[in-house]
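Undergrad: Dropping the structure in here first, questions after.
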Amino acid sequence: MKKFIETLSNIWKIEELKGRILITLGLLLVYRFGAQVVLPGIDTQQLAELSSRTDGGGLLGILNAFTGGAFANASFFALGIMPYISASIVVQLMGLAIPYLQKLQKEGESGRKTLNQITRWLTIGICLVQAPAYLYSLGSLGVPDSAFILGKGLDFMIPAVLILVTGTIFAMWLGEKITDKGIGNGISLLIMVGIIARMPQSFVQEFVSRTSGSNGGLMLILIELILWFVVILACIMLVMATRQIPVQYARRTASGGYEKNVFGSRQYIPLKLNASGVMPIIFAQAIMFAPAYVGRIGALKDTGVGQWLQTEFSNIFGLWYNVVFALLIIIFTYFYTAITVPTNKMADDLKRSGGFIPGIRPGKETSDYLDKIMSLITFPGSLFLAIIAVLPAIVVKLMGVQQGWALFYGGTSLLILVGVAIDTMQQVNSYLLNRHYDGLMKTGKNRKVVA
């Protein structure tokens, strides 16, 4: 504990790092404040039914968790940062098929700025579709018509849509400012803070459920917490695990060439076990909305198949939902890894720098070898990711955990929390090491520097 306090003291001694942390906390506080401000024209006293529907888990619970409760509050940030995430995914996937976007990806900083602008405009377009859909769906989600003080006419809808779009753009701006002026990835931090904001309430509900009556009591709460920490450790292993490919570099001569049969130091190419991150879960969850929707339309609506689709795929803790969900995650993990890990480019860069993998010829053989290794390690990575994703449903069925608290046992929520926490800690760690302090992973003592 003393070493931990020393480490915090060392962090506070670095003025630049202290300033970045304060800016980050301030901007996150602004975001959390905006999540509590309800849209003008809506009676806050009549949103209880919407809150109860989102507290019990399910698809609405996931949406509400990603917005930090703003979805259930009908607040300025009700759409959250997800339209920007959706736009980023669309632009990234379109880059595979549109030559203009491929050209921008290769133009460095200028191309990145243009892609960012395209993503921002696409975000506005997505918001203009989602905002009216959200407002009109409030009635079906339990918000009575009397809650709309000004009614649902254009005098309410137009300002409300503009406010929701502005809220998402402002949240996007906050995220970019955190990335530039603060610490960590701003967009990811906004999502993480939104998820954490729902955690205390979910845990209190689970605690009350266990301690009221003969429902397990404190002992089962302790077992759940131990299991939760074990799952967190498993997620850390999934995020951090890499397969190191040894690389040998020829030693340069004074004239700039390479000496034959003389080799320099050995280095490694780290290939991540889960190179796709949480994107396969996000893709799979987006598609899992479709079966229940298909079951409600056309001739299927009143048939046995339609009713089965509605029943099975509206319950995120059901058997068939999770079986299909896990299969989609495995498929998307392979797909997203294939488009984000350019083995051909890695082989070309290695060849140009005078490096090679021992026993493998430079060029195409190196590319094929790296592709084979990625295929081999992606399978256990995708399987592990699928297990983490369906773990909330498992603990609900086997242990009777409350659905709201079960969402923190796996899935996108926990992986985002772990991934963002590790990324932020690594950035803080680099500041400490650059100022000759031990990092967060070690002790808080000052490091001795040999002149």
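The values are calculated or read from the model by the stated rules, or taken from the named source; none is laboratory data. Being a predicted model, the structure only gives us computed values, none of them experimental. Because the Cβ atoms are built from the backbone with ideal geometry, glycine has one as well, and the counts that use them run over all protein chains shown.
Undergrad: Take the conditions surrounded by 13 or more Cβ atoms within 10 Å (Cβ to Cβ), farther than 25 Å from Y409 by Cα and among the aromatic types (F, W, Y) and apply them to F335. Does it pass? So that I can check it myself, show each step before the final result.
TA: Working: surrounded by 13 or more Cβ atoms within 10 Å (Cβ to Cβ): yes; farther than 25 Å from Y409 by Cα: yes; among the aromatic types (F, W, Y): yes.
Yes.
Undergrad: Given (1) at negative phi; (2) surrounded by 13 or more Cβ atoms within 10 Å (Cβ to Cβ); (3) at pLDDT below 85; (4) not assigned by TED's automatic domain parsing to the domain that holds T366, identify the lone condition not met by G153.
TA: (2)
Undergrad: With the structure loaded, tell me whether W173 is surrounded by 12 or more Cβ atoms within 10 Å (Cβ to Cβ), free of Cβ contacts under 8 Å to residues at least 12 places away in the same chain and aromatic (F, W, Y) or whether it fails that test.
TA: On the way: surrounded by 12 or more Cβ atoms within 10 Å (Cβ to Cβ): yes; free of Cβ contacts under 8 Å to residues at least 12 places away in the same chain: yes; aromatic (F, W, Y): yes.
The answer is yes for W173.
Undergrad: Here's a follow-up. Just for the range 96-120: of the residues that are in a helix (DSSP H, G or I) and of a type in the set (D, E, K, R), which one is nearest to I85 (Cα to Cα)? Talk me through it step by step, then tell me what you get.
TA: Filtering the range 96-120 down to residues in a helix (DSSP H, G or I) leaves 99-105, 109-120.
Still in the running and of a type in the set (D, E, K, R): 103, 109, 112-113, 120.
On the way: K103: 22, E109: 21, R112: 16, K113: 17, R120: 10 Å.
Within the range 96-120, the match that is nearest to I85 (Cα to Cα) is R120.
Undergrad: Okay, next question. Could you check the range 353-407 and list, in sequence order, the residues that are at pLDDT 85 or above, farther than 30 Å from L60 by Cα and hydroxyl-bearing (S, T, Y)?
TA: T366, S367, Y369, S375, T378
Undergrad: What tally of residues in the range 317-357 results from selecting those that are of a type in the set (S, T, N, Q), over 20 Å from the mean Cα position of the chain (by Cα) and closer than 30 Å to Q402 by Cβ? Walk me through it before giving the result.
TA: So the first thing to find is which residues in the range 317-357 are of a type in the set (S, T, N, Q), and the list is 322, 333, 337, 340, 343-344, 353.
From the residues that got through so far, the ones that are over 20 Å from the mean Cα position of the chain (by Cα) too are 343-344, 353.
When the remaining residues are screened for being closer than 30 Å to Q402 by Cβ, the result is none.
Selection size over the range 317-357: 0.
Undergrad: Does the range 200-227 hold any residues that are in contact (Cβ under 8 Å) with a residue 40 or more places away in the chain, among the hydrophobic types (A, V, I, L, M, F, W, C) and in contact with a Phe, Trp or Tyr (Cβ under 7 Å, 6 or more places away or on another chain), and which are they?
TA: F203
Undergrad: While we're here: Checking Q36 against (1) closer than 20 Å to A147 by Cβ; (2) part of a helix (DSSP H, G or I); (3) under 28 Å from the mean Cα position of the chain (by Cα), which single condition isn't satisfied?
TA: Of everything listed in (1) closer than 20 Å to A147 by Cβ; (2) part of a helix (DSSP H, G or I); (3) under 28 Å from the mean Cα position of the chain (by Cα), Q36 misses just condition (2).
Undergrad: OK, next. Is there any pair linking a residue in the range 409-434 that is without any contact (Cβ under 8 Å) to a residue 60 or more places away in the chain to one that is surrounded by fewer than 21 Cβ atoms within 10 Å (Cβ to Cβ), with Cβ under 6 Å and at least six apart or on different chains, and which?
TA: Sorted first by the residue in the range 409-434, then by its partner, the pairs are M425/L440; N429/G439; N429/L440; L433/G439.
Undergrad: While we're looking at this one, here's another question. Looking only at the range 176-196, which residues are modelled with pLDDT of 90 or more and under 14 Å from the mean Cα position of the chain (by Cα)?
TA: The answer is none; no residue qualifies.
Undergrad: Does L8 qualify as being closer than 30 Å to K181 by Cβ and either part of a helix (DSSP H, G or I) or more than 21 Å from the chain's Cα centre (by Cα) (or both)? Break it down stepwise before answering.
TA: On the way: closer than 30 Å to K181 by Cβ: yes; either part of a helix (DSSP H, G or I) or more than 21 Å from the chain's Cα centre (by Cα) (or both): yes.
Yes; evaluated as a whole, the condition is true for this residue.
Undergrad: While we're here: Return the total of residues in the range 349-368 being part of a helix (DSSP H, G or I) and either among the polar types (S, T, N, Q) or touching a residue at least 40 places away in the same chain (Cβ under 8 Å) (or both). Outline the logic, then answer.
TA: Step one: filter the range 349-368 for residues part of a helix (DSSP H, G or I), giving 349-352, 364-368.
Going one step further and asking which of them are either among the polar types (S, T, N, Q) or touching a residue at least 40 places away in the same chain (Cβ under 8 Å) (or both), we end up with 350, 366-367.
So the answer is 3.
Undergrad: I need the full set of residues from the range 305-320 which are small (G, A, S) and in contact (Cβ under 8 Å) with a residue 24 or more places away in the chain, in order please. Steps first, answer last, please.
TA: Step one: of the range 305-320, the residues small (G, A, S) are 306, 314, 318.
Of everything in the range 305-320, those that are small (G, A, S) and in contact (Cβ under 8 Å) with a residue 24 or more places away in the chain turn out to be S314, G318.
Undergrad: Select from the range 396-428 the residues that are part of a helix (DSSP H, G or I) and touching an Asp or Glu at 6+ places or on another chain (Cβ under 8 Å) and write down the one among them that is farthest from R198 (Cα to Cα).
TA: Let us first name the residues in the range 396-428 that are part of a helix (DSSP H, G or I), namely 396-399, 403-409, 411-428.
Okay, now just the ones that are also touching an Asp or Glu at 6+ places or on another chain (Cβ under 8 Å), so 399, 404-405.
On the way: M399: 21, G404: 9, W405: 9 Å.
The qualifying residue farthest from R198 (Cα to Cα) is M399.
Undergrad: Now a separate question. Answer yes or no as to whether V208 is assigned to a helix (DSSP H, G or I) and either surrounded by 13 or more Cβ atoms within 10 Å (Cβ to Cβ) or touching an Asp or Glu at 6+ places or on another chain (Cβ under 6 Å) (or both).
TA: Details: assigned to a helix (DSSP H, G or I): yes; either surrounded by 13 or more Cβ atoms within 10 Å (Cβ to Cβ) or touching an Asp or Glu at 6+ places or on another chain (Cβ under 6 Å) (or both): no.
So V208 fails the test.
Undergrad: OK, next. Taking interchain pairs and intrachain pairs at least six residues apart, which have beta carbon atoms under 9 angstrom, with the first residue in the range 131-146 and assigned by TED's automatic domain parsing to the domain that holds V165 and the second exposed (fewer than 12 other Cβ atoms within 10 Å of the Cβ) and not small (G, A, S)?
TA: G139/D145
Undergrad: On to the next question. All but one of (1) surrounded by fewer than 16 Cβ atoms within 10 Å (Cβ to Cβ); (2) farther than 26 Å from S413 by Cβ; (3) within 22 Å of the chain's Cα centre (by Cα) hold for L93, so report the exception by its number.
TA: (2)
Undergrad: Sticking with this structure for a sec: Return yes when K113 is modelled with pLDDT of 85 or more and basic (K, R) and no when it is not.
TA: Values: modelled with pLDDT of 85 or more: yes; basic (K, R): yes.
In short, yes.
Undergrad: Moving to a separate point now. Name the residue that is nearest to the chain's Cα centre (by Cα), counting only residues in the range 138-171 that are of a type outside the set (V, I, T) and under 13 Å from A78 (Cα atoms).
TA: Of everything passing the filter in the range 138-171, A171 is nearest to the chain's Cα centre (by Cα).
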